[in-house]
Every structure is written in C-alpha cells, then in structure tokens.
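The values are calculated or read from the model by the stated rules, or taken from the named source; none is laboratory data. Note that the structure is a prediction, hence the values are computed from the model and not measured. When we count neighbours, we look across all protein chains shown, and the Cβ atoms used for this are built from the backbone with ideal geometry, even at glycine.
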Amino acid sequence: MASIHLSNFSEADTMRQASVNDHIMARKGYTILAILMALFSIFGIILNIVVITVTVKYKQLRHPLNYALVNLAVADLGCAVFGGLLTVLTNAMGYFSLGRIGCVLEGFAVAFFGIAGLCSVAIIAVDRYMVVCRPLGAVKFQSKHALAGIIFSWVWSFIWNTPPLFGWGSYQLEGVMTSCAPNWYSRDPINVSYILCYFMLCFALPFAIIIFSYTQLLYTLRQVVKLQMTESGSTAKAEVKVARMVVVMVLAFLLTWLPYAALSLTVIFDSTIYINPVIATIPTYLTKSSTVFNPIIYIFLNRQIGFLYLEKMTRSLHQLFRDYLGKWHHKNRLVAKDGHCNIEYGNVGYSSRFAYMQDLWTTFVEIRWRYIIFLFVASFTLSWFIFGLIWYWIARDNGDLWWQNPPLDHKPCIFNVFGLTTAFLYSLETQATIGYGLRVLSPYCPGAVAVIVIQSILGILINCFWCGLVMAKIALPKKRAKTITFSKMAVICPKNGALCLQIRVANLRKTLMIGSQLYGKLLRTTVTPEGETIILDQVNIDFMVDAGKDNLFFICPLTLYHVIDKASPFFNTASDTLLQQEFELVVFLDGTDESTSSSCQVRTSYIPQEIRWGYKFLPIISRSKEGKYCVDFSNFTRVEPVPTAHCAHCFYNGPCQQHSSRKGIDNQGFEVIDVIDQKNGR
C-alpha cells in the first residue's frame, strides 16, 4: 500500500482526490471501516440516549457528577450522529461524497462535539479530584459549578471551532479521505497560528487537567490505603477497587485520545513526514470510538451510580414490557386509557366511502398534521407551478423567451422572464411577496393584468383557508382534554355506609370546566331471552360526588363514586370473582371550557384487572399554614388497603367475610389476601 504525503494536497486537490481513492486503500478496506463505524455509531447512539433519558427522568440522579456525565453523553451523541453516521456513508461509497461544504460542516460538527466532550471529561476529573482529594476544602464542587463548567465547555468549543469558518484555519480531509478535521498539515502562517492555539487550548490544556486530577486521585487513594492497613481489609479493598476504576478511566482516555493528539503534534512540528493514510486514520477512529467507551466506563462500570442506572433501566424496561403485554392481552378493549376508540369499519358501500368528501372542512380538521403539512406545501407549490406555466405561455405567445430571439425594441409582457424557471419565480413573487425585483409586469399586455388579479385573489383564498384550518386544529377540544386525567385504577371500598366503586379525575389547568357531568357505560357481552348475542351491550352507570352528579365544581381533583346496590350491575360481583368477569367500564366527562367556551369530552375505561377490591385512594388535598389549599398529585393514583366486605351481599346482609390486602401496593406482582370469618373469629 503506497504512502502519501498528506501535506502536499491543497483543499481543491483533496476534494478531487476524494472521488478516486482506490489507490489509497482497497475497496474491502472501506467496507470494513464502514461496518466498524456503523457498529460504533449504533451502540454509541443507544448507550448515550439511555444515559440522557434515565438521568433526566429520575431526580435522584441529578447531582453535579451526573450533570457532567449527561453533558458528555450529549457530546458523544453528537459525535456518533454527525461523525459516525456520515463516516459510514462516505466509507460505504469509498470516497467523501458530500463536497467541500459537506467537508467543512462535518469537520466543524465532529470537532465541536469532540472538544465539548473532552472538556466534559476534564470536568469529571475535577469533580473527582475535589470530592476525593479536597473533601474538606473551602470550595466544594456543587451543582452551580457543574452547570458553569458545562456552559463553559460548549462556549469554549464553539469559540475555537468557528474560526476556520471565517478564514483562520480550515477543515480538510484526513486519513483515507472519508472524513474531515482541522487542517493539521498546511504550512500557511495563518493556519499554523490557529493550529498551535487550537492544540494548546483544546487538547493540551484538558489533557493536563485530566492527568493532574487523576494522578492526585491515585496518590490520595494510595495514602488512604497505607493509613488503613492496620484496620480490617474491607476499606482498603474498596479503595483498591476505586483505584482500579480510575486506572481504567485514564487508560481508556489515553487510548482513545492520545494517539490522535500525538499524530497531530507530530505533523505540527514536522510537516515533511510521510504518513501512511491507514495509519493516519486509526487515531481518528479511536477518538470516535470513545462515544461507546465513555458511557460504558463512566456509567455502567462505575459502581457508585452504575447499579442505580441499571435498576432504573430494568424498571423502565419492565414497565414497558408489562404495558406492551397488557395492551396485547387486552387488544379487544373498545376505549383505550387515553380515550381513543378501538373500532374498524368494514364492507362500507362504495358510494359511502366518499361521503366524508361532502364535508371537506371537517375532513381537513380531523386529518393528521403530517398530511396537513404535505397538503399545505403541495397546494402552494402547485399553484405557483400552474400559474408559472400560464406566465410562460403568455411570454411565449408574446415572443419574450430567449430562444425566440426578440428584437432590441421588443416590448415584453413581463420583464426578465426568459424561460420556464424565471416564469415560475415570477409566479412565486406574485403570490408570496409584496413587491417585485427584476421581474415585473409591463403595461403592454392587458390580458396579463387579468391573470395577475386572478392569481392574487386565489393566493389570498389559499392563505385564508390554511390559516383558518391551522387555527381550527390548534383550538380542537381534544387538546383541552389532554389536561384532564383519570386515575389509572378504580377501587371498591365502603363510603358513607355503602359499598362504592370509586375513581379519581383531575383538571390540570386552573380554568374551570363549566357544567361538568360525569357518567359511565358498562360494556359487556350479553345474551337476550330470544337467544340474540349482543357483543357491546351498554348499561348506564351513575357516578356522583357528595353534592350530586350534575354541574361539578371542578376546581380540584375529585373522587367520584358509584354506589353498588341492588340496582347496580356490580351487585353480584365478589372480590374473588372480579378478575373472572369480562366487561369494560367506560367513563365520560363532558364540560365546557370557561376560557374558550368550547365543549369537550374526556373518556377512559377500566377493565377488571384495573379495579382494586378492598382499597381506597389516599388523601390528595391539604391546607398549608398560610391558609392555601394544596394538591399533592403524587397521591393521585396511590391507594391503601381498607377492610372491605367480600361482596355486596355480605356488606348489606350482615357479618360475613371481609377482604383486605396487607401487601402489594407498590409491588403489584405480589399480594397476600386475608379472609376473615367474623362469625368464627378467624
């Protein structure tokens, strides 16, 4: 494999070189690099997204060290996306196919995220140094210091990576000519001055901070081990484990960054050196591989927080898996928890299929945003193009086009419209701007004046239609319904001397719902005396609060209940037969928003598995010392066990069996049922 002198290529030469790279490395080599970068990119994106989402979701993980770790994950994610995925593409093609502008943007993005990540590693090193080596010092590493360091890392990286965009330095192809980086090889004095400053302030300075911090950390840990040798060996062993982890961090950092820094420093001081392009590529790919190593080392191999991350990840995956199984198991549910209806229409007559076209406004309001955006762009573009063809025909009919060779004293209908492209631009200017540039209508063609009037009116109509449609979609009552939530579970317990099924509903906005009414429908399959099977037989279920069921004062979360008496369809249900039932309780809340006067309906549903017998909701409203009423939404769906009769017959007909749960409020997979026979006292 031939060696090449990288410093001999100018920017234009390297871009020409980018299209013919077989002499640099065989095609199989580029394929291997593409596969390696694909693996690094995919794993880097997944691992860093996990780190970011888990840390953002759980408050107990938000401390100064994790701020820096999340910042490092964001920087690594940017490197994996802009540096990894683009490199996969260019290596798969065997050359850099994105052009000069693509080279500059790719080089800037990779350098910007890379230096920000390097500064994040330095912040982590300083944090460890302050915690371990200066635990009682005057300055403690707090959240404000971590946030200041994070802001500084991005500002610092931006400051030193933007000068090549304005002429101080440049971005250039490197290695096997499939990725770009700061130009380390140019001997131009301006470029050399930039590279020296860049290397000292963006590489050498973070390197020095990291090496100093971790060296002091290892020294401190060694002293601690010596002082505690006379004690039990547990502490010493723990410190040794920490020291090993620090050694792994330092070695991984040196492995991924030191070769690239050494190669860059070598080229800076000796530009005449001949470097094999494959050898020059290895350090670049090592730095990009840090997007995978960083989350593994700093998160998953750090026992101080690694177990917490894995625990949270396991809980999240378990919840996701359980929700997926629940949705799959209950796929016959008519109304989903978010209110969407699970129903399909089949064998609709051909004439009825297009009935919705008779009410186009409602159809447009109900379709998804993705189609609205597509139709918005298509309508404007199509109108511009159609009128562009009309203007082209007018110019052609008048002999204005360039291929018609108009005479010097020719009077055009439209100035500077010489072809289809300029006719399209004139059409766009007519409909989308308030003035004209070089293309303007002349007074010599009265027919063209009529066309411009028609296009202007049509453009106004299109604008009005789409503005109204967007406003109508934004103001849909469905959006208001998103701020009204029901409890995920329903409970059955005694209330006011009766056995009741209870649910909770909350209005997350401070604006009231006027004339609110809540009611339910019990859906189940029944067989009539005539033998007819009704799959969705509907039975009315009345819900109420203590003041009644109409015109709810919906200023705070309400606990509504349905009395299970002889008239209730739940009267013959018992605690041990509840899960054997097949029904769906659909709950509706109707009301009018006082701020917009728009009516809306919110609905949800409960199946037997979502009804807890022998539980009650925890209190949610309290009063502060200042006299304000406070709502604690952490208790909105939480329940606690309460002694409850085994069935409605037992509750109303005297002492029988009572049901209560001792365990399982937090762990739904484990529940102990006590059955107390009040007659026998056991």
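For this structure, a couple of remarks:
- Condition check for PHE82: closer than 24 Å to THR256 by Cβ, part of a loop (DSSP other than H, G, I, E, B), in contact (Cβ under 8 Å) with a residue 24 or more places away in the chain and assigned by TED's automatic domain parsing to the domain that holds ILE159: no
- Residues located in the range 547-583, provided they are within 33 Å of the chain's Cα centre (by Cα) and closer than 24 Å to ILE492 by Cα: PHE554, CYS556, PRO557, LEU558
- Residue satisfying all of: in the range 417-450; surrounded by 18 or more Cβ atoms within 10 Å (Cβ to Cβ) and touching a Cys at 6+ places or on another chain (Cβ under 9 Å); nearest to THR363 (Cα to Cα) among these: ALA448
- Yes/no for THR178 being more than 23 Å from ILE45 (Cβ to Cβ) and either among the hydrophobic types (A, V, I, L, M, F, W, C) or in the same structural domain as ILE211 (by TED's automatic domain parsing) (or both): no
Condition check ((1) modelled with pLDDT of 85 or more; (2) of a type in the set (A, V, I, L, M); (3) closer than 16 Å to GLY388 by Cβ) across all residues:
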{"site": "ALA423", "(1), (2), (3)": "yes, yes, yes"}
{"site": "LEU428", "(1), (2), (3)": "yes, yes, yes"}
{"site": "CYS445", "(1), (2), (3)": "yes, no, no"}
{"site": "VAL449", "(1), (2), (3)": "yes, yes, no"}
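- Residue match in the range 556-568 (condition: part of a loop (DSSP other than H, G, I, E, B), over 25 Å from HIS646 (Cβ atoms) and in contact (Cβ under 8 Å) with a residue 12 or more places away in the chain): yes
- Only listed residue being within 27 Å of the chain's Cα centre (by Cα), in a helix (DSSP H, G or I) and at pLDDT 85 or above, chosen from ILE46, ILE32: ILE46
- The sole residue among PHE380, PHE418, PHE387, PHE364 that is modelled with pLDDT of 80 or more and touching a Ser or Thr at 6+ places or on another chain (Cβ under 6 Å) is PHE387.
- Qualifying residues in the range 476-525 (those that are modelled with pLDDT under 85 and charged (D, E, K, R)) - the one surrounded by the fewest Cβ atoms within 10 Å (Cβ to Cβ): LYS510
- Any hit, the range 211-223, residues being surrounded by 20 or more Cβ atoms within 10 Å (Cβ to Cβ), under 25 Å from THR266 (Cβ atoms) and within 37 Å of the chain's Cα centre (by Cα): no
- Residue in the range 101-124 that is out of contact with any strand residue (DSSP E or B) (no Cβ under 8 Å at 6 or more places or on another chain) and modelled with pLDDT under 80 present: no
- Checked against (1) under 28 Å from SER97 (Cα atoms); (2) more than 34 Å from the chain's Cα centre (by Cα), MET200 passes all but a single condition, namely (1).
- Among strands (runs of 3 or more DSSP E) entirely within the range 593-642, having at least 1 residues that are of a type outside the set (Ser, Thr, Tyr), touching a residue at least 12 places away in the same chain (Cβ under 8 Å) and within 24 Å of GLN517 (Cβ to Cβ) singles out 599-606, 611-613, 615-617, 621-623, 629-631.
- Within the range 88-111, the set of residues being surrounded by fewer than 17 Cβ atoms within 10 Å (Cβ to Cβ) and in a helix (DSSP H, G or I) comprises LEU89, ALA92, MET93, GLY99, ARG100, ILE101, GLY102.
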